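Asker: Take this structure first; my questions come after.
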């Protein structure tokens, strides 16, 4: 029997409802869980044995284990967020019947109304008429608003939970591979990926994604806080940092007329950085001299592995701040400072 | 006579490959060192295994011949910078082949990278992940969601906080 020693995880028995991916209908209530990409869920739906089986890649990210909707309504409300691990899932007795609360019937009837906007308003008016006291009427209306908000919030929360579950099952890569993908993204694309969903957002916080931070732009956009946050995310992984304002080296091939002061003539033709003609840094930059402070904190933890530092047209940077930063980075190989 | 290794896919199909091709996978290399020449791969389907073997075959052929002077110069140049970007394949012809190889839909790419990860074929994993990354680059969040069938599960407050934190990234140029 071929065992992959590398992928051994702890044997775990999980009790959970296996959900049909397309319909989100529970199809069975007990199965051995296996962490695997989405396509395998159908294969497991038919398994009903409760033998312990190895779950490879359990350490690769809990969200790769398939999570499904819990059936008992008494389970405490928690977002079925990919990052939550449920070690007690097997502890819930499989034979306990959920307490059927009266609300379930009420809700079912409510949701079965064919034309809720009309019928609810009509019924509410009728109830108001039947109440004699003004105070009662006020209470009724307040109650209706509260119930309405409560239902709306519950539905939205459910929608988000289902969206999270859907993402879990439709994104096939385990978190370690996802993080590797993100580590190949430029910083701006990384931010966009992080904004797509909570699963990607979590992966995007891994230090590996911040090895090469490029916050350069054509116009000033970034401030010190953004820079320090990213440097913090990187921790010891930071290898390359580029900040400041420069014209996109890939965008234009035509020669841009020099418009910055002649204090720093960029005529030296032999140097590679002279070909990057940055725009006049007259615009107020949101980066100040302390933008590189984050490199020096924590015993220069972030500066430790930094190999490349490129600074473009950071007006407010001065030599002393630059020197402080440089001294935090013992192993710099490639430094480019333009427009100091 | 080249030594042959037999790989058995998840759906029971058998594939005989030369040892050097199979050894692109570090896992297979380790197993064969211990014992068997027949290696069952229950989590890898035939379709994916065929593609992986194709990749391994192409790369084994390249690796076994000494580098031509031009490609070895390129290799030397790229390794001189000690900043760890992913190692580019130095031979342009091979790179072109790789680019053709990954012209697949997302689903197929994912299948391949999962199998390659399982088999520990580092270059293939890297190639596919790089391709996936390219499909994300330059896209807005909504486009990324559409591409990869992802749903937005943030609360309005969370989404607002995210956009605020990295507002520089979300401004249109």
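Asker: Fewest first, what order do A:230, A:208 take by the number of other Cβ atoms within 10 Å? Numbers along the way, then the final one.
Answerer: On the way: A:230 24, A:208 16.
Final ranking by Cβ density, sparse to dense: A:208, A:230.
Asker: Let me ask something else about it. Which of A:316, B:103 comes first, and how do the rest follow, when ranked by fewest Cβ neighbours within 10 Å?
Answerer: Neighbour counts put them in this order, fewest first: B:103, A:316.
Asker: To the nearest 0.05, what FRET efficiency results for residue A:330 and residue B:142 with a Förster distance of 35 Å applied to their C-beta separation?
Answerer: It comes to 0.25.
Asker: How many Å³ per residue does the convex hull of the Cα positions in the stretch A:159-248 occupy?
Answerer: Working: hull volume 9.8 nm³, N = 90.
Per-residue hull volume (Cα only) is 109 Å³.
Asker: Shifting gears a bit: Within a 10 angstrom radius of the beta carbon, how do A:166, B:59 rank from fewest other beta carbons to most? Walk me through the numbers on the way to the answer.
Answerer: Values: A:166 18, B:59 21.
Least crowded to most crowded, the residues run A:166, B:59.
Asker: Further question: How big is the shadow of the Cα convex hull of the stretch B:103-150, averaged over all directions, in nm²?
Answerer: If you wrap the Cα atoms of the stretch B:103-150 in a convex hull and average its projections, you get 3.4 nm².
Asker: Would you calculate the separation in nanometres between label points at residue B:29 and residue A:129, each defined as 7 Å from the Cα along the Cα-to-beta-carbon direction?
Answerer: In this crude spin-label approximation the distance works out to 8.5 nm.
Laboratory data are not the source of any read-out in this text; all were calculated from the coordinates shown. Values in this document were obtained by computation on a predicted structure and should not be read as measured data. Glycine gets a Cβ as well: all are built from the backbone with ideal geometry, and neighbour counts include every protein chain shown.
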